[in-house]
1. Hey, what do the phi angles of the range 268-275 turn into as Karplus ³J(HN,Hα) couplings, whole Hz, using 6.51/-1.76/1.60 and θ = phi - 60°, x for Gly and Pro?
2. Report, in deg cm²/dmol and to the nearest 500, the calculated mean residue ellipticity at 222 nm for the chain, where each DSSP H run with n ≥ 4 adds -39500 (n - 2.57) and the sum is divided by the residue count.
3. Once whole DSSP H runs in the chain are found, which of them have Cα atoms spread over 15 Å or more along the helix axis and a mean Kyte-Doolittle score of at least 0.5?
4. What's the FRET efficiency of Arg242 with Ala54 using the Cβ-Cβ distance as r and R₀ = 25 Å, to the nearest 0.05?
5. Using a Gaussian network model of the chain with C-alpha springs under 10 Å, which one of Thr154, Thr137, Thr18 is most mobile by mean-square fluctuation?
6. Would you tell me the accessible area of Phe114, worked out with a 1.4 angstrom probe on the heavy atoms of the protein chains, in Å² to the nearest 10?
7. Amide H neighbours of Tyr37 under 5 Å, at least 5 residues apart or on other chains, H built in the peptide plane: list them.
8. Mind listing the long-range amide H neighbours of Thr109? Cut-off is under 5 Å, sequence gap 5 or more, other chains count too, H placed in the peptide plane at 1.01 Å from N.
Amino acid sequence: MKPIFNYVERSSPVHALTGATKLCCLLLWSFAAMTTYDTRLLAVLAAAGVAVFAASKLRISDISFLLGFVTVFMLLNNLLVFVFSPEHGVGLYGTRHVLFSLGGRWVVTKEQLFYHLNLVLKYLAMLPVVMIFICTTQPSEFAASLNRIGVKYTVAYSVALALRYIPDIQQEYHEISQAQQARGIEMSKKESLFRRLKAASAILIPLILSSVDRIETISNAMELRGFGKHKRRSWYMARPFRPADFVAMGLCALLLAAAIFLNIHNGTRFWNPFI
């Protein structure tokens with residue numbers, strides 16, 4: 001069973017960057033993608049994200065589950081936007097070029113399709129960098145990165161534990177599921193979706209109980225070692241910045257600056273090709 005939110009060990013320039021650098025780049029990249037609807041910049045971000053994903057030497061199979069989930073969510077988001085506001089793009093761009101009608105209030109316009117294109121580009125701009133950050137950042141190094149930018153180390157360590165624990169929960173769910181099927185509870189595709197959901201919900205109780213027991217064990221171990229007693233702590237996985245780290249953060253800062261400049265130049269977050 002392929003883990004979700006799991007660190008993938010590879011030898012790549014992206015893996016060589018420090019966790020603090022990747023966190024800063026993710027934040028800068030996210031702000032750049034979220035602050036603008038300029039199609040030109042979103043296309044650059046999407047293309048750059050794909051290029052960085054290729055440089056990280058990750059495979060599509062490493063993120064297949066999350067990729068499928070985000071794709072379904074993206075399609076559902078676009079569908080609902082059109083269903084409930086079929087002329088939202090007309091209101092944004094101020095013009096109306098009708099292509100064809102689907103009946104009633106659902107009229108397909110160039111402006112609406114262009115708005116949906118921007119929504120898709122936003123997903124494509126964000127998805128690769130988020131996946132890169134998750135799959136190329138070791139949890140302990142991520143905790144050190146959070147602490148390095150000012151987050152209290154107890155909070156940073158809790159986040160790292162949560163990231164480490166997600167694959168463990170998934171593996172434990174899989175083991176409990178296998179044990180249930182060995183007892184004759186069918187959970188394969190042979191059963192109906194409703195029966196499979198009902199059987200899966202029965203796994204939650206033993207999963208929650210085992211999780212609580214594991215949390216108590218970890219918290220007792222941390223308390224016995226005096227975790228949280230001092231205001232500062234050292235990090236085994238912390239690494240110093242190198243020239244490549246400053247270059248990466250500088251490029252991401254330039255992308256954010258470009259987004260801000262385009263918003264000011266356009267007078268709005270939206271680039272309007274219809275005027």
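The values are calculated or read from the model by the stated rules, or taken from the named source; none is laboratory data. Everything numeric here is computed off the predicted structure, so don't read it as measured data. Cβ: placed from backbone, ideal geometry, glycine included. Neighbour counts: every protein chain shown. What goes into the accessible areas is simple: the full protein's heavy atoms, side chains included, and nothing from ligands, DNA or RNA. Shrake-Rupley method; radii C 1.70, N 1.55, O 1.52, S 1.80 Å.
1. Once θ is set to phi - 60°, the couplings for the range 268-275 become 6, 6, 9, 8, 9, x, 8, 10 Hz.
2. That comes out to -23000 deg cm²/dmol.
3. Helices meeting the criterion: 19-34, 39-55, 64-84, 110-136, 193-224, 243-266.
4. The calculated FRET efficiency here is 0.70.
5. Highest fluctuation of the listed residues: Thr154.
6. We get 30 Å² for Phe114.
7. Phe270, Trp271
8. Residues meeting the criterion, in which the H sits 1.01 Å from N, are Leu99.
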